[in-house]
Structures are given as structure tokens and as C-alpha cells.
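Shown next, in C-alpha cells, is the structure this report addresses.
The values are calculated or read from the model by the stated rules, or taken from the named source; none is laboratory data. Quick caveat, the model's predicted, so the values are computed rather than measured. What goes into the accessible areas is simple: the full protein's heavy atoms, side chains included, and nothing from ligands, DNA or RNA. Shrake-Rupley method; radii C 1.70, N 1.55, O 1.52, S 1.80 Å.
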Amino acid sequence: MSADPRAALSLLVSAFERHLESCAGRRGDDDPQVAAAYDDLLDAFETYDNALYEAFGEMTPLDVYTGDDGDDDDEDEDGDGGDEDLDDDDDDDDGVYAGLDDEDFDDESDHTASGSGPDATSGSPDTRGR
């Protein structure tokens with residue numbers, strides 16, 4: 001029998017709240033309440049994701065990070081030791097996402113300066129000349 005996605009979502013929200021409360025009341029780096037809330041949150045998320053898939057054939061856009069860098073199931077086909085889905089730039093970023101790079105950021109002022117986007121002063125569409 002499959003789980004009800006609505007009930008699983010309710011449990012997931014509760015698990016998020018318990019995790020937040022545990023983190024806010026943390027008593028040291030290895031607080032067992034935080035660790036238990038973490039595990040409960042992980043279980044609730046997996047239950048929700050599975051229930052959503054079973055009921056509707058859909059999944060959340062989230063992946064669970066386990067911290068295990070050595071996946072024995074996946075083979076490095078090109079032999080470079082890296083993940084192909086990471087960005088290909090040569091920045092020394094230690095694998096940590098820190099937001100958009102300057103060249104990837106689409107500055108809104110570029111659109112308003114040309115007169116093709118919303119009016120920069122009012123936020124409404126540019127209706128001049130119509």
C-alpha cells in the first residue's frame with residue numbers, strides 16, 4: 001500500500017519544524033537531539049518523495065546529500081575523477097556553490113537601459129511612443 005502524499009507532506013513539514021527547534025536549542029556540536037531531528041527529517045523527506053512518485057509519477061527537485069564522495073556504483077567514464085554535472089569552468093571553487101558567476105548573472109539594468117524592458121523608474125511596462 002502506498003503512502004498518501006498529503007499525509008507525508010504534513011509529516012515532512014513537522015519534521016522541518018522539529019529540526020529547526022532542535023538546531024535553535026543546540027547544546028554543542030554533537031547534540032543528539034539535532035542528530036535525531038536530522039535523521040527524522042531525512043526519513044520524512046524520503047517518505048514524501050516516494051509517496052509523491054507512487055501517487056503521481058512526480059518527484060521533488062531535491063537530492064539528499066549523504067556526504068559519501070566515493071560512489072562504488074558510479075564509474076568515472078572519462079577517468080578525470082570528477083563529476084560531469086559540475087560546471088566546467090576552471091575556477092578554484094572547491095566544489096561549493098556560491099551563487100551566480102558575474103558572467104552568468106543577467107543584470108536587470110541591461111534590459112531597462114535599452115528601452116525594451118519595464119520602465120526603470122515606475123516598474124511598469126514602457127509605453128512611451130504608443
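Amide H to amide H distances under 5 Å link Ala3 with no residue, where only residues 5 or more positions off or on other chains count and H is placed in the peptide plane.
The alpha carbons of the stretch 1-56 give a radius of gyration and a Dmax of 12.9, 41 Å, in that order.
When Leu20, Leu9 are compared by accessible area at a 1.4 angstrom probe, the order from most to least is Leu20, Leu9.
Looking at the stretch 13-72, the accessible area is 78 square angstrom per residue; that uses a 1.4 Å probe and ignores ligands, DNA and RNA.
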